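**Q** One structure, as structure tokens, below. Some questions next.
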Amino acid sequence: REICLVLASEMLSLAGRGDQAVCRKLAEAALDSGAARQEFRDMIMAQGGDPRVVDEPERLPVAPETRPYVARKDGVLHRIVSDRLGMASMVLGAGRRTKDDVIDPASGIVLMKKPGDAVKAGEPIAMLHGARDARFDEAARLLDEAVAISAAPVAPEPLILATVR
């Protein structure tokens, strides 16, 4: 929610709707009133999708196979490197290596833990979703590069590192 509010208020400000404080209030009102949800439905419909998925996520496609990605050791989930996470999702079918690749809307990764959470070896950190022929082993290797588990609690990284204007 916070990232969405910051991004929305920045965009509203750039569009001349007011200063950051005013635009933050506009963004919060759009979320709280349901206007943003309706806009999301409209965007889905405009792209040929079924807008009912916003309120009925069970209508979304389901991957034929899922596999857990588990913690390799006990500790605290320190960070998940987003580009490696994205690559792992892509190899499962949720993205394209080339412009001709077909995206499988049922594929992807659902994170079950977030940085700062305690984890035990063998405990699921994420669930991998893909087709039967998806490259689960390759995705897991990429996640091994993405996931950092530390022995002791670490100070959380800020949600937003910087704003470039």
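The values are calculated or read from the model by the stated rules, or taken from the named source; none is laboratory data. A quick note: this is a predicted structure, and the numbers were derived from the prediction, not measured. Heads up, the Cβs are rebuilt from the backbone with ideal geometry, glycines too, and the neighbour counts pull from every protein chain shown. Only protein heavy atoms, including side chains, enter the accessible area calculation; ligands, DNA and RNA are left aside. Shrake-Rupley method; radii C 1.70, N 1.55, O 1.52, S 1.80 Å.
**Q** Could you provide, to the nearest whole Å², the per residue accessible area of the chain with probe 1.4 Å?
**A** For the chain, the solvent-accessible area averages 66 Å² per residue.
**Q** In addition: Compute the distance from the alpha-carbon center of segment 1-80 to that of segment 139-165, in whole Å.
**A** Distance between centres, Cα-based: 20 Å.
**Q** Something else now. Subtracting the Cα-Cα distance from 0.36 nm times the residue separation, let me have the gained length for LEU161 to PHE40 in nm, one decimal. Don't jump to the answer; show the numbers that get you there.
**A** Working: separation 121, 0.36 × 121 = 43.56 nm, distance 2.68 nm.
Once the chain is fully extended between LEU161 and PHE40, it gains 40.9 nm.
**Q** If you don't mind, there's one more thing I want to ask. With just the Cα atoms of segment 65-107, tell me how far they stretch along each of the three principal axes, in Å, largest first.
**A** Over segment 65-107, Cα extents along the principal axes are 41, 23, 12 Å.
**Q** Using a simple spin-label model with points 7 Å from Cα along the Cα→Cβ vector, what separation in nm is obtained for VAL54 and ARG72?
**A** Roughly 4.1 nm, to one decimal.
**Q** Tally up the carbon and sulfur contribution to the accessible surface of segment 10-147 as a whole percent, 1.4 Å probe, everything protein left in place.
**A** 55
**Q** Count neighbours as other Cβ atoms within 10 Å of each site's Cβ, and list the trypsin sites (Lys or Arg not before Pro) in segment 1-84 that are DSSP loop with at most 16 such neighbours. Numbers along the way, then the final one.
**A** Values: sites: ARG1, ARG17, ARG24, LYS25, ARG37, ARG41, ARG52, ARG59, ARG72, LYS73, ARG79, ARG84; in loops: ARG1, ARG17, ARG72, LYS73.
Those that pass, being in a loop and sparsely packed, are ARG1, ARG17, ARG72, LYS73.
**Q** Which number comes out as Rg/Rh for the chain once both Rg and the Kirkwood Rh are worked out on C-alpha atoms?
**A** 1.02
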